[in-house]
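Each reported figure results from applying straightforward, stated rules to the coordinates on display, with no laboratory input. The model shown is predicted, which means the values in this text are computed figures rather than measured ones. Counting neighbours? That spans all protein chains shown, and the Cβs are built from the backbone with ideal geometry, glycine included.
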Amino acid sequence: MMMRLYTIFMLVSMAMAGAYAIDNVILMPMSDVQNPKPVGEWFHSLDHAKETRTKLHFYFQDVLGGDSPTVWKVAESAITSTSATTFGQINMIDDLLTAGPEADSEIVGRAQGTVGFADLHNTAIQMGLNIVFTEGKYKGSTISILGRNPIFEKDRELPIVGGTGVFRMARGIAVSNTHSFDVNTNYGVLEYTLYITHYSM
């Protein structure tokens, strides 16, 4: 049990640090966010900022099987294997975000974070995700989503609780739908529409 907890701690620590080790060299990804004044300067200029609303639409390429999965199980509870709702299973994800539902459509960024099956009676997951924009006008910015996702329902609402870069102090709603899921390959395509309120200077 302690070893399992240690493994989870190390995985989360590495994810938070954003560090990747290749041949004993630590690579730290650098951001080139389009916006940003330093945070302190930006914060003190909020009196002169105005709220703006942004709508974003993209797709998660959610790969649970095959040679290059983007979803990995990192922990489970004592009852996960016998639970009708997979209660207690925790997955880490690093899904590709694309402009269209096709895997080879324009890349937008990554969806990175933790999902856990958190309902004993219905299939629903607790999601803590960061939308990391790697291309386009929002490159280097992030949006944070935290909430309950009843994955078999339509138009699932999730709270947007924050962000960085262009989306500092963002809030809003993310609406999720399952576009498709191939049971043979365990490949899902998830549609997300984000309604965001944030500040512009």
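Simple rule: put +1 on each Lys or Arg Cβ and -1 on each Asp or Glu Cβ in the stretch 32-200, find the dipole, and look at GLY162, THR193, VAL132; the Cα lying farthest toward the positive end is GLY162. Counted residue by residue at 0.36 nm each, then reduced by the alpha carbon distance between them, the extension gain from ALA99 to LYS73 reaches 6.7 nm. The ranking of TYR192, TYR59 from fewest to most other beta carbons within 10 Å of each one's beta carbon is TYR192, TYR59. Taking a straight Cα-Cα cut-off under 28 Å and skipping sequence neighbours fewer than 8 places away in the same chain, the lysines within cross-link reach of LYS137 are LYS37, LYS50, LYS55.
Distance from the Cα centroid of the stretch 140-168 to that of the stretch 58-133 is 14 Å (rounded to whole angstrom).
Using Cα pairs closer than 8 Å and at least 6 residues apart in sequence, work out the relative contact order for the stretch 94-198, in percent. This gives 16 percent for the stretch 94-198. Among ASP182, ASP67, a tally of other beta-carbon atoms within 10 Å of each Cβ gives an order, fewest to most, of ASP67, ASP182.
Modelled this way, with points 7 Å down the Cα-to-C-beta line, the labels at LEU120 and HIS48 are 5.6 nm from one another. Rounded to the nearest 20 debye, the dipole magnitude of the stretch 32-200 is 600 debye, with +1 charges on Lys and Arg beta carbons, -1 on Asp and Glu beta carbons, and the Cα centre as origin. Estimated from the Cβ-Cβ distance and a Förster radius of 30 angstrom, the FRET efficiency linking LYS37 and VAL175 is about 0.45.
Modelled label positions at ASN186 and GLU157, each set 7 Å beyond Cα in the direction of Cβ, lie 3.3 nm from each other.
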